[in-house]
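The values are calculated or read from the model by the stated rules, or taken from the named source; none is laboratory data. Just so you know, these numbers come straight off a predicted model, no measurement behind them. Counting neighbours? That spans all protein chains shown, and the Cβs are built from the backbone with ideal geometry, glycine included. Calculation scope for accessible area: heavy atoms of the full protein, side chains included, ligands and nucleic acids excluded. Shrake-Rupley method; radii C 1.70, N 1.55, O 1.52, S 1.80 Å.
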Amino acid sequence: MADTLNQTNNVVLSNKKRSSDSDDHDDSFFVSKKQTKSLAWEDPAAALANARHEFGEHGGVNMSIEASATFTVMEPETMRRMFDGELGPDRDFFIYSRHFNPTVLNLGRLMAALEGTEAAYCTASGLSAISSVLLQLCSSGGHVVASRALYGGTHALLTHFLPRACNITTTFVDIRDMDMVKEAIVEGRTNVLYFESMSNPTLTVANVPELSRIAHEKGVTVVVDNTFAPMVLSPAKLGADVVVHSISKYISGGADIIAGAVCGPASLVNSMMDLHQGSLMLLGPTMNPKVAFELAERLPHLGLRMKEHCKRALEYATRMTKLGLKVIYPGLEAHPDHALLKSMANKDYGYGGILCVDMETEERANRFMNVLQNFTQFGFMAVSLGYYETLMSCSGSSTSSEMNNEEKELAGISPGLVRMSIGYNGSLEQKWIQLEKALSKMQEKMSF
């Protein structure tokens, strides 16, 4: 393969197979040392632009896809040294693509740059990233403190699966109540404090610096799901230890890929790939390198997409509020976490691309979504988020349906809460006219 151009003046790595006797060694195969130091204050788009660029095998501007499941060695002794841990991806030695794969590793470098972490590696889904991290950080008898307001799949993992299968228990807390968080964390027993930077679906914004301080005082690792706020928030910059993503959402942007990522210290990522005890290695939620290539091509324009998602979400939230709708959006000054989000957010990326409209009952929520999709073509009734079209769902009966009624009430999820992932297809005014028409049709049958 052609040599790799390093845009940050680090050692230039070659993708050609090396001899196991070579002294060439790059101890920054996840992300460069220069990036590790500078990302703490760097704009995420600038950090991505500064990441090492991988060229293709024949000098193509895009990297080649390493689709091999297994990799050859030049000397027979090399294989033993790889399995003993003496040789690895830092020296361009690869064993098997359930372990490190060069194309997936490149996407990991980009994710590390995006989140300002030392390392990252990507997985087959967001939930596999979450479960793998928790299983690496917690052993049988372990304890997690987590926000009450979480994606339904994560809540089910913590409430049902981990206690049954792994003897790992969770205490759920109001993430805004710092005293409650402090009380729930038991020093010497609690392993992880887990929360979403912006909660799904209630859009509660977590005070990442303060929560991280509380956890670290008791020796607890902070894991933050930043799926709702890539580019907008940088949890690692704010004090978190590990950042997880469902890349299926904004980072993909096309609603055509299922993928996840774990961003954090190199020591954690390496431990998750350990041949004997690594959760990623042994559970095998392997990302296909062809998927990694696709995603690496989409990351450079994530910033542009996020700005448009966020711009439109703020505009629609402002206009709908003026019409008398009960809108939940942290970009509105009336939102209880507006000032907090403004103090933590990266400049110029807005306040997120998700807004919620509380229609109070599931019946009214369903009628609202039906009109928006089937009469005015404002958006689609579908779960997920980050698509170029607006996606709508009634959270209580869909993505939060794993929670019982009491758990939904504690999380602040009303039966009629409509979550909207605001798209950017069409012009802003064109889509607003469609929304207004839907509201007019609704008002023929009900009053707000």
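Remarks
- One chain, two ends: Asn366 and Ser140. Fully extended at 0.36 nm per residue, the span grows by 77.1 nm beyond their Cα-Cα distance.
- Per residue accessible area of the chain, 1.4 Å probe, in Å²: 41
- Across Lys290/Lys326; Lys322/Lys408; Lys347/Lys431, pairs whose alpha-carbon gap is larger than 32 Å: Lys290/Lys326
- Rolling a 1.4 Å probe over the protein chains gives Thr204 an accessible area of about 20 Å².
- In the assembled protein chains, Arg109 presents an accessible area of approximately 20 Å² (probe radius 1.4 Å).
- Neighbour cut-off at most 12 other Cβ (10 Å), DSSP loop, GluC sites (Glu not before Pro), segment 115-201: Glu187
- Database remark: amide H of Phe55 closer than 5 angstrom to the amide H of Leu5 (H placed geometrically; neighbours at sequence offset of 5 or more, or on other chains; Pro and chain starts carry no H).
- Of the accessible area of the chain, computed with a 1.4 Å probe over protein heavy atoms only, carbon and sulfur atoms account for 51 percent.
- Short-range pairs are left out: with C-alpha atoms under 8 Å and at least six residues apart, the relative contact order of segment 199-298 is 17 percent.
- Among the GluC sites (Glu not before Pro) in segment 352-391, those located in a DSSP loop and surrounded by at most 14 other Cβ atoms within 10 Å of their own Cβ are Glu360.
- Accessible area (Å², 1.4 Å probe, nearest 10) - Arg419: 10
- Per residue, the Cα convex hull of segment 119-234 amounts to 103 Å³.
- Here is how the number arises for the chain: DSSP H runs of 4 or more residues each give -39500 (n - 2.57), the sum is divided by the residue count, and the result at 222 nm is -10500 deg cm²/dmol.
- If you take all other residues with their beta carbon under 11 Å from the beta carbon of Glu436, and give Lys and Arg +1 and Asp and Glu -1, the sum is +3.
- Three principal axis lengths of the chain [C-alpha, angstrom, descending]: 77, 50, 34
- As a length-normalised measure over Cα pairs under 8 Å and 6 or more apart, the relative contact order of the chain settles at 15 percent.
- Within the listed set Gly423, Gly264, Gly59, the residue fluctuating most in the Gaussian network model of the chain (springs between alpha-carbon atoms under 10 angstrom) is Gly59.
- Relative to the longest principal axis of the Cα atoms of the chain, the long axis of helix 102-115 makes an angle of roughly 50 degrees.
- When you filter the trypsin sites (Lys or Arg not before Pro) in segment 334-388 for DSSP loop state and at most 11 other Cβ atoms inside 10 Å of their Cβ, you are left with Lys347.
- Potential lengthening of the chain between Leu282 and His301 amounts to 3.5 nm, from the contour at 0.36 nm per residue minus the alpha-carbon distance.
- Cα convex hull, segment 302-442: 111 Å³ per residue, rounded to a whole number.
- Taking segment 302-442 and dividing mean pair separation by its residue count, relative contact order in percent (alpha carbons under 8 Å, at least six apart): 27
- Angle in degrees between helix 126-137 and the longest Cα principal axis of the chain, rounded to the nearest 10: 60
- Most tightly packed first, judged by the mean number of other beta-carbon atoms within 10 Å of their residues, the peptides 407-414, 97-104 read 97-104, 407-414.
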